[in-house]
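The values are calculated or read from the model by the stated rules, or taken from the named source; none is laboratory data. Computed from a predicted model, the values in this text were never measured in an experiment. Reconstructed Cβ throughout: ideal geometry from the backbone, glycine too, with neighbour counts over all protein chains shown.
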Amino acid sequence: MPQNSRDHSLNLAPASVEDYRELARRKLPRQIFDYVDGGAFGETTLNANRDDLHHIQFRQRVLRDVTERRLATTVLGEEIAMPVILAPVGFGGMLARRAEVQAARAAERAGIPFCESTLSICGIEEVAAAMKRPIWFQLYVMKDRSYAEDLMLRAQAAGCTTLILTVDLAVVGQRYRDGRNGISGRIPRSKRLRRGIDLVGHTSWLRDVALGGKPLTFGNLEKALPDATVPGDFQAWVASQFDPSVTWDDIEWLRAHWSGKIALKGILDPDDAKEAVARGADAVIVSNHGGRQLDDVPSTIRSLPAIAEAVGDQCEVLMDGGIRSGLDVVKALSLGARACLIGRPWAYAVAARGERGVDHILRIFASEMSVTLGLTGVNDVKDLDRTVVVEP
């Protein structure tokens with residue numbers, strides 16, 4: 001936990017993402033919390049995503065009329081109430097009962113998109129049926145391309161408008177926390193009892209998730225693994241099935257099976273961003289997978305300006321990684337992003353308090369963005385540019 005975070009007795013209502021993180025830590029079994037919270041290797045990039053955002057300062061401007069402050073914008077042709085998108089979170093339904101449905105409903109009320117993960121517990125159809133607003137879909141390409149083709153057909157049939165192709169998972173990153181907890185790899189016999197005690201000891205999670213509602217299966221991959229349960233052997237199967245042979249040429253294959261917008265998630269290099277434009281991507285998402293893949297790569301906020309400059313207005317630029325507040329969103333928009341995806345914030349919130357937690361965290365983001373606009377003398381998120389911040 002950051003050293004500058006306040007005392008987390010939390011006898012009062014949570015007021016920030018960090019508060020919700022602490023509530024989630026208390027409620028979730030250690031292995032589940034670490035899966036969401038952790039990163040790759042020594043977590044250098046995970047921490048840099050946050051630290052580098054903190055090092056960017058605002059120019060406080062005064063005596064400007066900021067009575068009216070507007071957060072609404074347009075992303076990939078879709079009008080949204082604020083420049084925030086709920087990012088795809090794999091295994092999301094492990095955090096709360098039918099968590100993806102709860103988060104999607106909260107996103108709809110807030111007027112922003114929700115993106116369903118290939119590895120969600122709730123299937124595409126279940127989430128879409130709970131919504132009036134179209135959802136987005138995130139795709140992992142497996143070695144058997146028929147899985148991906150089937151998922152794209154299902155997503156379009158369910159009304160999904162935008163496909164996010166994750167491109168930074170040719171192989172699964174080495175995540176030490178998952179290894180220690182037995183989420184990835186085999187857990188020694190000596191630690192199985194400890195893990196079982198940890199699971200059983202979190203009674204509210206046990207009632208809500210493990211024992212409540214539908215079985216914990218993967219709704220989007222039931223044709224591939226009809227009997228799979230979470231997490232164990234399924235994660236090993238997924239790791240073995242990610243296709244490391246995917247190249248730029250496969251964007252043409254993607255276009256043949258998807259008629260909507262396409263965004264490539266996992267872009268950190270300006271040359272890759274230019275190639276994405278050349279291949280017809282509608283958007284690039286500056287992302288290092290939340291620090292969960294290759295460690296010791298640049299933070300997303302450090303990578304963002306060069307990528308935004310490289311593509312100009314040829315495609316939209318989104319960003320994720322390290323976003324924990326409305327201030328962070330304003331910084332990212334000032335440095336070239338159209339909007340930000342948030343994953344861990346909604347994951348912490350749904351784990352802690354379910355749907356109402358996600359509702360609350362989105363109100364917090366909106367309030368923080370509005371206050372930040374007012375104190376930097378800006379009336380509209382569309383007017384944010386590099387003059388708003390002091391870069392380190």
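Residues are listed down the side, and each one gets a yes or a no for (1) buried (at least 24 other Cβ atoms within 10 Å of the Cβ); (2) within 25 Å of the chain's Cα centre (by Cα); (3) in a loop (DSSP other than H, G, I, E, B):
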residue	(1), (2), (3)
Ala351	yes, yes, no
His360	no, yes, no
Glu368	no, yes, no
Val371	no, yes, no
Gly377	no, no, yes
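Scan the stretch 296-314 residue by residue and report those that are under 17 Å from Val167 (Cα atoms) and surrounded by fewer than 20 Cβ atoms within 10 Å (Cβ to Cβ).
Val297, Pro298
Quick one: which residue in Arg70, Arg59, Arg64, Arg50 is over 30 Å from Val127 (Cα atoms), touching a strand residue (DSSP E or B) at 6+ places or on another chain (Cβ under 8 Å) and not hydrophobic (A, V, I, L, M, F, W, C)? First the steps, then the outcome.
Values: Arg70 fails: over 30 Å from Val127 (Cα atoms); Arg64 fails: touching a strand residue (DSSP E or B) at 6+ places or on another chain (Cβ under 8 Å); Arg50 fails: touching a strand residue (DSSP E or B) at 6+ places or on another chain (Cβ under 8 Å).
Being over 30 Å from Val127 (Cα atoms), touching a strand residue (DSSP E or B) at 6+ places or on another chain (Cβ under 8 Å) and not hydrophobic (A, V, I, L, M, F, W, C) holds for just one of Arg70, Arg59, Arg64, Arg50, which is Arg59.
Which of the residues that make up the stretch 169-187 are modelled with pLDDT of 80 or more and buried (at least 20 other Cβ atoms within 10 Å of the Cβ)?
Across the stretch 169-187, the qualifying residues are Leu169, Arg175.
More than 19 Å from Arg21 (Cβ to Cβ), at pLDDT 95 or above and of a type in the set (Gly, Ala, Ser): which single residue out of Gly326, Gly322, Gly312 fits that description? Spell out the reasoning first.
On the way: Gly326 fails: more than 19 Å from Arg21 (Cβ to Cβ); Gly322 fails: more than 19 Å from Arg21 (Cβ to Cβ).
Selected residue: Gly312, the only one of Gly326, Gly322, Gly312 that is more than 19 Å from Arg21 (Cβ to Cβ), at pLDDT 95 or above and of a type in the set (Gly, Ala, Ser).
Return the residues of the stretch 122-174 that are of a type in the set (A, V, I, L, M) and assigned to a helix (DSSP H, G or I); say none if nothing qualifies.
Initial filter on the stretch 122-174 (of a type in the set (A, V, I, L, M)): 124, 127-131, 135, 139, 141-142, 148, 151-153, 155, 157-158, 163-165, 167, 169-172.
Answer for the stretch 122-174, where residues must be of a type in the set (A, V, I, L, M) and assigned to a helix (DSSP H, G or I): Ile124, Val127, Ala128, Ala129, Ala148, Leu151, Met152, Leu153, Ala155, Ala157.
With buried (at least 24 other Cβ atoms within 10 Å of the Cβ) and not β-branched (Val, Ile, Thr) as the only criterion, which of Ala283, Ala276 stands out? Talk me through it step by step, then tell me what you get.
Numbers: Ala283 fails: buried (at least 24 other Cβ atoms within 10 Å of the Cβ).
From the options Ala283, Ala276, the qualifying one is Ala276.
Restricting attention to the stretch 54-98, which residues are among the aliphatic types (A, V, I, L, M), within 19 Å of the chain's Cα centre (by Cα) and over 22 Å from Ala339 (Cα atoms)? Even if it seems obvious, please write down each step before you answer.
First pass over the stretch 54-98, keeping only residues among the aliphatic types (A, V, I, L, M): 56, 62-63, 66, 71-72, 75-76, 80-82, 84-87, 89, 94-96.
If we keep only those that are within 19 Å of the chain's Cα centre (by Cα) too, we end up with 75-76, 80-82, 84-87, 89, 94-96.
Scanning the stretch 54-98 gives Met94, Leu95, Ala96.
Determine whether Gly77 is surrounded by fewer than 16 Cβ atoms within 10 Å (Cβ to Cβ) and out of contact with any helix residue (DSSP H, G or I) (no Cβ under 8 Å at 6 or more places or on another chain).
Values: surrounded by fewer than 16 Cβ atoms within 10 Å (Cβ to Cβ): yes; out of contact with any helix residue (DSSP H, G or I) (no Cβ under 8 Å at 6 or more places or on another chain): yes.
Criteria met by Gly77.
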